[in-house]
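A.B. asks: Got a structure for you, questions after.
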Amino acid sequence: MALAFDEYGRPFIIIREQEQKTRLRGLDAQKANISAGKAVARILRTSLGPKGMDKMLQSPDGDVTITNDGATILEQMDVDSQIGKLMVELSRSQDYEIGDGTTGVVVMAGALLEQAEKLLERGIHPIRIAEGYEVASRIAFEHLEHISHKFEFSATNAESLVQTCMTTLSSKIVNRCKRSLAEISVKAVLAVADLERKDVNLDLIKVEGKVGGKLEDTELIYGIIVDKDMSHPQMPKQIENAKIAILTCPFEPPKPKTKHKVDIDSVEKFQTLRQQERKYFDDMVQQCKDVGATLVICQWGFDDEANHLLMNRNLPAVRWVGGVELELIAIATGGRIVPRFQELTPEKLGKAGLVREKAFGTTKDRMIYIEHCANSRAVTIFIRGGNKMMIEETKRSIHDALCVARNLIRNNSIVYGGGSAEISCSIAVEAAADKYPGVEQYAIRAFADALDAIPMALAENSGLQPIETLSAVKSQQIKENNTCCGIDCNDVGTNDMREQDVFETLIGKQQQILLATQVVKMILKIDDVISPSEY
């Protein structure tokens, strides 16, 4: 310790804290980082593919999540190590960009790290390994372009989109009704897609869930569902050709902004006040009727008196509807959101062919369906299921399927799944390694070995002999020069993925290889880890 004086001459003590910091340098740092990355990848390895297992995660406040989606598992997992956090970021970026393949990208990065560890032990410099990986990833990227197929589809014939979505859903809990869910996803995406601009706005697809019923009852509604009921139990439950007024102003007399007090000292004054309020409500309801509205949807509430009046005047209303839902209703019905009563005009009303209230089960749960809208650009996928966890997992699976359909509309190239694309890339990278004279060729070969990790994990999770199965498929690919041979996970009896209809999007696969390589390069370049002392 050292004694020092501040500008007022008061002594203070400087404590040396530097010694408390822990440092890892050189090879030790790289090995520690690599083992941290491998640990994260090992967790996700078992949940890859159609026979992959699910993970059950409990959050600190006791919520339980059961999921198979790589990004969700890593989001919910409490990862301490910094390198582990990099892996979490990696799967998150794959999720944001592509939406599918979040597990595969982490398994791929883990395999690359494992191969890098072997090369480091041989004494090859980490930067040379990183450069070799970079070269190899470019070769694999171009090879994927080379083996991809273009898929033609139109708004009427979308079978190819459905097949690709089924591949995505086959690794999830919901795989027993993957056909119907895939069709629902594709119809939803095609309903909101702009095929000329090749653009899909996924915000227009609302995914709602309600516990009860069975998974097969999941349906696609060309319209919006609102989880509310009519404000008065005696209002009509079904309105055809509804004209909807969408209000964000409160349905009650205005309150003065200042602090105020009204002195009422006689019955007459009270009566006048009541008449006044009553008249105000009457005018509001009348204004809605005059414009021609047959349904009022209000963001705020209204008190029982207003409710009763609306009921008497035969004007159905829904109250306390959230802002996001209001926007979607406005988009779907072609209406405008009205912030002030004075601005209500007939042009601002939304139109819907049918508005109905539907009750579920015996629990008196009701929802309002707004269907056959003027602009069917906003659609809702309504999921039923046995319990809350099942519905949450189905929502995540549907999100993956929607993303896959969107990617195919953006870029309609596909590669074959089941590990066939990785095996083919591995063969191509291995062959290209001989052209590089330097130390990089070792790294390029290591990259080729790492690409085999995904088919290997697929075989392992399906209960096949991993090494035998992989070598058999690889030799078959080389012998027949057929890039569609992959791991037969579902025991169909053929290795040809074309016959099994297992497809994946090309941009998804390319993104996987690029992202995994980038993260591994970053991890390899770290040679000094300084962490603060632990108290």
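The values are calculated or read from the model by the stated rules, or taken from the named source; none is laboratory data. The model shown is predicted, which means the values in this text are computed figures rather than measured ones. Positions of Cβ are generated from backbone atoms using ideal geometry, with glycine treated the same way; all protein chains shown enter the neighbour counts. These accessible areas exclude ligands, DNA and RNA; they are computed on the full protein's heavy atoms, side chains included. Shrake-Rupley method; radii C 1.70, N 1.55, O 1.52, S 1.80 Å.
A.B. asks: Would you calculate the separation in nanometres between label points at residue 327 and residue 304, each defined as 7 Å from the Cα along the Cα-to-beta-carbon direction?
C.D. replies: 3.6 nm
A.B. asks: Just to make sure I understand: if all protein chains stay in place, what is the order of 13, 43, 205 by accessible area at 1.4 Å, largest first?
C.D. replies: Working: 13 105, 43 65, 205 15 Å².
Ranked list, largest accessible area first: 13, 43, 205.
A.B. asks: At 1.4 Å probe radius, can you tell me the per residue accessible area of the stretch 59-156 in Å²?
C.D. replies: Roughly 46 Å² per residue, with all protein chains present.
A.B. asks: Net charge within 11 Å of residue 415 by Cβ-Cβ distance, Lys/Arg positive one each and Asp/Glu negative one each, not counting residue 415 itself?
C.D. replies: Here the charged neighbours net out to -2.
A.B. asks: What shape does the stretch 1-142 take by its C-alpha gyration tensor, where a ≥ b ≥ c are the square roots of the eigenvalues and a/c under 1.5 counts as rounded, a/b above b/c as prolate, and the rest as oblate?
C.D. replies: Working: a/c = 2.84, a/b = 1.53, b/c = 1.85.
Since a/c reaches 1.5 but b/c is at least a/b, the shape of the stretch 1-142 is classed as oblate.
A.B. asks: From the Cα gyration tensor of the stretch 34-104, with a ≥ b ≥ c the square roots of its eigenvalues, which class applies: rounded if a/c is under 1.5, or else prolate if a/b is larger than b/c, or else oblate?
C.D. replies: It comes out rounded by the Cα gyration axes.
A.B. asks: To continue, here is another question. Please give the solvent-accessible surface of residue 81 in Å², to the nearest 10, using a probe radius of 1.4 Å with every protein chain present.
C.D. replies: Around 40 Å² of this residue is reachable by solvent.
A.B. asks: Would you mind pulling out the separation of the Cα centroids of the stretch 479-535 and the stretch 428-466, in Å?
C.D. replies: Rounded to whole Å, the Cα centres lie 11 Å apart.
A.B. asks: Note down the nm distance, to one decimal, between modelled labels 7 Å out along Cα→Cβ at residue 58 and at residue 341.
C.D. replies: Each label point lies 7 Å from its Cα, and together they span 5.4 nm.
A.B. asks: Taking 0.36 nm per residue of sequence separation and subtracting the Cα-Cα distance, how much length would be gained by fully extending the chain between residue 270 and residue 530, in nm to one decimal?
C.D. replies: Working: separation 260, 0.36 × 260 = 93.60 nm, distance 7.57 nm.
Separation in residues times 0.36 nm, less the Cα-Cα distance, equals 86.0 nm.
A.B. asks: Roughly speaking, what is the centre-to-centre gap between the stretch 114-159 and the stretch 74-109 when only Cα atoms are used, to the nearest Å?
C.D. replies: Result: 18 Å between the Cα centres.
A.B. asks: Accessible area per residue of the stretch 290-397 at 1.4 Å probe, in Å²?
C.D. replies: 45 Å²
A.B. asks: If you rank 243, 479 by how much accessible surface each has, with a 1.4 Å probe, what is the order from largest down?
C.D. replies: Values: 243 80, 479 170 Å².
Sorted by accessible area, descending: 479, 243.
A.B. asks: Using a 7 Å offset from the Cα along the Cα-to-Cβ direction at both residue 472 and residue 431, what is the distance between the two label points in nm, to one decimal?
C.D. replies: 2.4 nm
A.B. asks: If DNA, RNA and ligands are ignored and the probe is 1.4 Å, what is the ranking of 80, 282 by accessible area, most exposed first?
C.D. replies: Largest to smallest exposure gives the sequence 80, 282.
A.B. asks: Between their Cα atoms, which of 172/388; 38/474; 178/206 are more than 22 Å away from each other?
C.D. replies: The pairs that break the limit, which is 22 Å between Cα atoms, are 38/474.
A.B. asks: Let me ask something additional. Give the carbon-plus-sulfur fraction of the accessible surface of the chain in %, rounded to a whole number; probe 1.4 Å, heavy atoms of protein chains only.
C.D. replies: That share works out to 51 percent.
A.B. asks: Let me ask you something else. Starting from the Cα gyration tensor of the chain, take the square roots of the eigenvalues, sort them a ≥ b ≥ c, and report rounded, prolate or oblate (rounded when a/c is under 1.5, otherwise prolate if a/b is larger than b/c, else oblate). Kindly include the intermediate steps, with their values, before the conclusion.
C.D. replies: Numbers: a/c = 2.96, a/b = 1.60, b/c = 1.85.
Judged from the Cα gyration tensor, the chain comes out oblate (a/c at least 1.5, b/c at or above a/b).
A.B. asks: Take the Cβ-Cβ distance between residue 201 and residue 263 as r, set R0 to 56 Å, and report the resulting FRET efficiency rounded to the nearest 0.05.
C.D. replies: 0.50
A.B. asks: Taking a label point 7 Å from the Cα of residue 501 along the Cα→Cβ vector, which residues of the stretch 387-409 have an amide N closer than 13 Å to it?
C.D. replies: Hits in the stretch 387-409 for residue 501 at 13 Å: none.
A.B. asks: Using a 1.4 Å probe, how large is the accessible area of residue 436, given in Å² and rounded to the nearest 10?
C.D. replies: In the full protein context, residue 436 sits at about 80 Å².
A.B. asks: Please give the length that would be gained between residue 149 and residue 388 if that part of the chain were fully extended, namely 0.36 nm times their separation in residues minus their C-alpha to C-alpha distance (nm, one decimal). Please list the in-between numbers first.
C.D. replies: On the way: separation 239, 0.36 × 239 = 86.04 nm, distance 3.92 nm.
The residue 149-residue 388 span can extend by a further 82.1 nm.
A.B. asks: Could you provide, to the nearest whole Å², the per residue accessible area of the stretch 432-535 with probe 1.4 Å?
C.D. replies: Accessible area per residue: 49 Å².
A.B. asks: Right, here's the next one. Got a sec? Charge dipole of the stretch 1-116, +1 on Cβ for Lys and Arg, -1 for Asp and Glu; which of 46, 93, 74 is way out at the positive end?
C.D. replies: Farthest towards the positive end: 46.
A.B. asks: Here's something else I'd like to know. DSSP loop trypsin sites (Lys or Arg not before Pro) in the stretch 71-150 with at most 10 other Cβ atoms within 10 Å of their Cβ, which ones?
C.D. replies: Filter output for the stretch 71-150: 122.
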